[in-house]
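Novice: I'd like to ask you about the structure that follows.
A short reminder: the numbers here are calculations on the coordinates, not readings from a lab. This structure is a prediction, so every number in the text was calculated from the model and none was measured. Backbone-built Cβ (ideal geometry, glycine too); neighbour counts: all protein chains shown.
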Amino acid sequence: MPPLPLILCPECNAGNTLWFVSGTVENPGRHFYECEWHELGGCRFWKWENNYIVLQHLLGSSTLARIRVSA
Ligand SMILES: [Zn+2]
């Protein structure tokens, strides 16, 4: 389970954010969140976990109501 809620992507409003754990040498084990369309080139959204927390505070509680639950 991701440590933070996954939300509707605030950049494209078409996909959900997904949770990842970095495997790079620079940031091993660091959590980040990325739009599900990012790897397909459809969206630029991704954030480190600390920035994602800030984003969720900025978006406010209304964001939680917009969470889509994937089947
Ligand atoms: Zn997106």
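Novice: Show the residue pairs meeting these rules: Cβ distance below 9 Å; 6+ apart or different chains; first residue within the stretch 6-24 and among the acidic types (Asp, Glu); second residue within 8 Å of the ligand (Cβ to nearest atom).
Specialist: From the stretch 6-24, the pairs are Glu11/Cys35; Glu11/Cys43; Glu11/Arg44; Glu11/Phe45.
Each row is one residue, and each column tells you yes or no for (1) touching a Ser or Thr at 6+ places or on another chain (Cβ under 8 Å); (2) among the small types (Gly, Ala, Ser).
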{"residue": "Met1", "(1), (2)": "no, no"}
{"residue": "Ile7", "(1), (2)": "yes, no"}
{"residue": "Ala14", "(1), (2)": "no, yes"}
{"residue": "Ser22", "(1), (2)": "no, yes"}
{"residue": "Pro28", "(1), (2)": "yes, no"}
{"residue": "Glu36", "(1), (2)": "yes, no"}
{"residue": "Ile53", "(1), (2)": "no, no"}
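Novice: What number of residues in the stretch 25-58 are part of a loop (DSSP other than H, G, I, E, B), free of Cβ contacts under 8 Å to residues at least 24 places away in the same chain and not small (Gly, Ala, Ser)?
Specialist: Let us first name the residues in the stretch 25-58 that are part of a loop (DSSP other than H, G, I, E, B), namely 25-30, 36-45.
This time we only want the ones that are free of Cβ contacts under 8 Å to residues at least 24 places away in the same chain, so: 25-30, 38-41.
Still in the running and not small (Gly, Ala, Ser): 25-28, 30, 38-40.
Matching residues across the stretch 25-58 total 8.
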